[in-house]
Amino acid sequence: MTTLTATSPAIAQASIEQPTGLVLLLRYFRRNKGLAVGLLILLGLILFTVIGFMVINPKHAYPLSVATRKPPSLQYPFGTDFFGRNLVAAMVVGMWQTAIIGVLAGGLGTMIGVVLGFTSAYFGGWIDATVRTICQILTPIPVLLIQVVVAGSLDKRDVTIITMALIVVMLAWMGPTLVIRAQVLTMKERQFVSVAKLSGVSDVGIIFKEILPNLLPFIAAAFVGQVFAAVFASFYLAVLGLGPLREPLLGNIIWAAQLQGAFFNGWWWWPIAPSIAMILILGSLALINMGLDELANPRVRKTE
């Protein structure tokens, strides 16, 4: 009887199964529904683009490739436009180009912000004063105005997808710089950083081994936020006619539809698809950004 009593807690403890990583992930998505919905929408857009490249001819995304002004049908599910572009092909190629601009500009902006934020906050002194002063001077400047002026001053023949990404990233580094700087200022005063310094760990080792791993959720949230800003910037620049006009960017399709009076001429399908696609792209990125902010910020993190 004594043996059974002594071993029963061990048996009971062994019988408790630890949840797997997949179960924990599903539980978290159940709590953070915004992140789950955002990821599902983004996954659907990625599948649309990947499958689209398998079944469409990318050349049909450019003018004079198909019949003009055809309404949606089995042959042309999204119809064709005034310039003879298959809008399904244009959507596939345009979403891919939008993703290139967003990831490139967002990645560069986040990388510059991380480097400046870490350098400024950790080493302090004149470096911190210089970075902080530059950010304080540039922050009040309307980013949209600068981007419009720069894009408008370029020859339209010289504007490419890469050029557009560089225009977008010009002032995109300030947000991540200020966010990362504030987090590093707080993190470097923690006890584990002091212990690492007393143990003889170098500054580079402390940055990469102690501080950086703890800031990965903030960096991920900053990256998604920068991708959102880059996609939005590329969208409104293209809608204003300041993008690479021959490329089927979603904003370019809408700009061309406005220029040709699509709704007034009864070509209602022309601007509808790219508009819905931009709403889905920006909505998914916004939901993911809010979900990552909840993951990174303990004050807003939900409990089970």
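No lab work stands behind these numbers, since they all come straight from the coordinates. In this text, all values refer to a predicted model and were calculated from it rather than measured experimentally. Here the Cβ is made from the backbone with ideal geometry for all residues, glycine too, and neighbour counts use every protein chain on show.
Computed quantities for the displayed model
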| read-out | value |
| --- | --- |
| Pairwise label distance in nanometres, Ile134 with Val201, each label 7 Å out on the Cα-Cβ vector | 2.8 nm |
| Cβ-based net charge around Cys135, under 15 Å, with every Lys or Arg adding one and every Asp or Glu removing one | +1 |
| Kyte-Doolittle mean at least -1.0, axial Cα span of 27 Å or more - DSSP H helices of the chain | 33-55, 87-123, 212-239, 269-296 |
| Centroid-to-centroid separation of region 135-186 and region 65-134 [C-alpha atoms, Å] | 13 Å |
| Listed residue (Leu185, Ala286, Asn265) projecting farthest to the positive dipole end of region 49-296, Cβ model | Asn265 |
| In the chain, lysine pairs closer than 23 Å at Cα, eight or more apart or cross-chain | 6 |
| Two-site label geometry, Asp155 and Met54: point separation in nm, points 7 Å out along Cα→Cβ | 4.2 nm |
| Helix-only CD estimate at 222 nm, as mean residue ellipticity for the chain, using -39500 (n - 2.57) per DSSP H run (n ≥ 4) | -23000 deg cm²/dmol |
| Where Rh is the Kirkwood radius over Cα pairs, Rg/Rh for the chain | 1.12 |
| Whole-Å semi-axes of region 120-182's equivalent ellipsoid (Cα gyration tensor) | 29, 12, 9 |
| Net charge of neighbours whose Cβ lies under 15 Å from the Cβ of Gly124, counting Lys and Arg as +1 and Asp and Glu as -1 | +1 |
| Net charge of neighbours whose Cβ lies under 11 Å from the Cβ of Leu245, counting Lys and Arg as +1 and Asp and Glu as -1 | +2 |
| Charged-residue dipole, Cβ positions (Lys, Arg, Asp, Glu), the chain about Cα centre, Debye nearest 20 | 300 debye |
| Most mobile of Pro176, Pro213, Pro63 in a GNM of the chain (Cα contacts under 10 Å) | Pro213 |
